[in-house]
Amino acid sequence: MTLKKDIKNRKDVNNLVTQFYKKIRKDDLLGPIFNKAIADWPIHLEHLTDFWETQLFFVAKFKGNPILKHQVVDAESNYTIEALHFGVWLNYWFETLDALFEGDRAVVAKNRARNMGSHFYLKLFEARPKS
């Protein structure tokens with residue numbers, strides 16, 4: 001049995017992000033959305049590593065507006081992104097974390113992802129055209 005460690009540095013964050021998005025890209029529900037929206041995966045993975053490193057270590061590396069980006073992707077997907085998409089995303093996040101890490105930062109990563117998923121979905125819904 002391999003002992004798991006907590007998330008300790010950028011290398012760990014990058015491993016988490018890389019392994020997680022390998023699953024997302026292959027998923028029947030999420031893969032088409034992500035693969036259409038992301039033109040350069042290596043650059044995007046570095047950007048996501050910056051994002052999660054900022055979230056987990058409180059360093060000011062990430063610059064961007066992820067809510068706006070998700071709103072654009074939702075619009076380009078004809079406003080078809082639903083709570084199910086966020087649930088599947090979150091399940092993969094938890095699965096990847098549990099496979100690779102344990103400890104306080106892993107718990108924080110789960111909690112932040114859960115909170116972000118809810119917040120992002122609400123922001124998508126708010127940005128949709130009113131009928």
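Remark: pairs (first residue in segment 106-124, touching a residue at least 24 places away in the same chain (Cβ under 8 Å); second residue among the polar types (S, T, N, Q) and assigned to a helix (DSSP H, G or I); Cβ separation under 7 Å; 6+ apart in sequence or on different chains) = Arg112/Gln55; Lys123/Gln71; Leu124/Gln71. Scanning segment 1-39 for residues that are charged (D, E, K, R), assigned to a helix (DSSP H, G or I) and farther than 17 Å from Val88 by Cα turns up Arg10, Lys11, Asp12, Lys36. Is one or more of the residues making up segment 63-82 surrounded by 17 or more Cβ atoms within 10 Å (Cβ to Cβ), hydroxyl-bearing (Ser, Thr, Tyr) and in contact (Cβ under 8 Å) with a residue 40 or more places away in the chain? There is no residue in segment 63-82 that is surrounded by 17 or more Cβ atoms within 10 Å (Cβ to Cβ), hydroxyl-bearing (Ser, Thr, Tyr) and in contact (Cβ under 8 Å) with a residue 40 or more places away in the chain. Scan segment 22-36 and tell me whether some residue there is surrounded by fewer than 14 Cβ atoms within 10 Å (Cβ to Cβ), over 16 Å from Val108 (Cβ atoms), under 16 Å from the mean Cα position of the chain (by Cα) and modelled with pLDDT under 95. No, the conditions are met nowhere in segment 22-36.
Of the residues Ser131, Ser118, the single one that is outside any helix (DSSP H, G or I), over 14 Å from Ile24 (Cβ atoms) and hydroxyl-bearing (Ser, Thr, Tyr) is Ser131. Among the residues making up segment 77-131, those that are hydroxyl-bearing (Ser, Thr, Tyr) and farther than 24 Å from Asn35 by Cβ are Ser118, Ser131.
Any residue in segment 98-108 that is among the aromatic types (Phe, Trp, Tyr) and more than 19 Å from Leu3 (Cβ to Cβ)? Outline the logic, then answer.
Filtering segment 98-108 for residues among the aromatic types (Phe, Trp, Tyr) gives 101.
Those still in the list that are more than 19 Å from Leu3 (Cβ to Cβ) too: none.
Among the residues of segment 98-108, not one is among the aromatic types (Phe, Trp, Tyr) and more than 19 Å from Leu3 (Cβ to Cβ), which makes the answer no.
Taking first residues from segment 18-46 that are without any contact (Cβ under 8 Å) to a residue 24 or more places away in the chain and within 16 Å of Leu84 (Cα to Cα) and partners that are assigned to a helix (DSSP H, G or I) and of a type in the set (A, V, I, L, M), the Cβ contacts under 9 Å between residues at least 6 apart in sequence or on separate chains come to Gly31/Ile24; Phe34/Ile24; Phe34/Val73.
The values are calculated or read from the model by the stated rules, or taken from the named source; none is laboratory data. Note that the structure is a prediction, hence the values are computed from the model and not measured. All Cβ positions, glycine included, derive from the backbone under ideal geometry; neighbour counts span all protein chains shown.
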